[in-house]
Amino acid sequence: MLFVLSAPSGAGKTTVAQRLLKTCPKLKRIVTVTTRPKREGEVQGVDYIFMNREEFEVKVRENYFLEYSEVYGNYYGTPADQVENNEREDLDSLLVIDVQGAKKVKDSYGECLLLFLMPPSLEELRRRLLSRGYGMENLEQRLKKAEEEIACARYFDYIIVNEFIDKTVEAIHTIVIAQRYRKDIFMRKPTVNDKKVLELIQRGVCSAFT
C-alpha cells in the first residue's frame, strides 16, 4: 500500500510522519524531491532530495515523477522508483505531500490510501504558524491556503485531528495495520500456506452469502 499523508502547513504532518515510521514496521517514507532551499538541520536524501529547477525539469521530461506540482514558487515531486523499490521489498510506502499532490497520486496510482491531518482549529493553526516565525503577510497567505486545503479533506479516505500527537500517531498506526488485512490484499498475497484453505477461500461454496 501507498499511504498518502496531507495536511495544511503547520498541522504537524512532518512530526507525525517521523514518529509513525518509528512505531510502524515495514513502512518506509518516500523522500520527496524539491527545488526549495535546504533549511538548517535538513539532510539531503533524508528530509528531501534537493535539486535546482533545471535538474527538476529534466527529471520531469524523463517521467521520473509519479506526480509533481509547484507550491509557493518551488517544485515538489514524488520519485516513482522509490515506490516501485518498496513494492519489490514488500514494504508499504508513506508519502507526505500537499493535497494537490495527493489528488494526482490518487488519479495515477490506484493502490493508495489518502489520510488528511486536520488541525484542531484555525486559531490553533495560526498559533503554530506564528511559533515558526512567519511574518504576517506570509502567515495570512498560508492560512488562506490552509482553508482551501481543509475544504479538500472530504475527498480523503480518513480525517485525523492532530490535537495530541501520541493519539494521532496511534490512530494512523491502527489504520496502516488494518489496511494490511484487507481481503483484496490477502487474495493477492495469502499469508497462509494450507492449499485446502486457499482453495476454499477462492472457490469454495459459501451458502451464507449466496
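The values are calculated or read from the model by the stated rules, or taken from the named source; none is laboratory data. Keep in mind that this is a model prediction, so the values were computed, not measured. Don't worry about glycine lacking a Cβ; one is built from the backbone with ideal geometry, like all the others, and counts go over all protein chains shown.
With respect to the conditions (1) touching a helix residue (DSSP H, G or I) at 6+ places or on another chain (Cβ under 6 Å); (2) modelled with pLDDT of 90 or more; (3) in a helix (DSSP H, G or I), Leu139 lacks only one, and its number is (2). Of all the criteria given as (1) closer than 28 Å to Leu122 by Cα; (2) surrounded by 12 or more Cβ atoms within 10 Å (Cβ to Cβ), the one not satisfied by Glu40 is (2). Taking segment 156-184 as the range and being part of a helix (DSSP H, G or I) and either more than 17 Å from Leu95 (Cα to Cα) or free of Cβ contacts under 8 Å to residues at least 12 places away in the same chain (or both) as the test, the residues that pass are Ile165, Asp166, Lys167, Glu170, Ala171, Thr174, Ala178, Lys183, Asp184. Of the candidates Ile185, Ile165, Ile159, Ile201, the single residue that is in contact with a helix residue (DSSP H, G or I) (Cβ under 8 Å, 6 or more places away or on another chain) and either farther than 21 Å from Cys24 by Cβ or exposed (fewer than 10 other Cβ atoms within 10 Å of the Cβ) (or both) is Ile201. Checked against (1) surrounded by 14 or more Cβ atoms within 10 Å (Cβ to Cβ); (2) closer than 24 Å to Glu148 by Cβ, Phe50 passes all but condition (2). Tyr75 - would you say it is crowded, with 18+ Cβ neighbours inside 10 Å and among the aromatic types (Phe, Trp, Tyr)? So Tyr75 passes the test.
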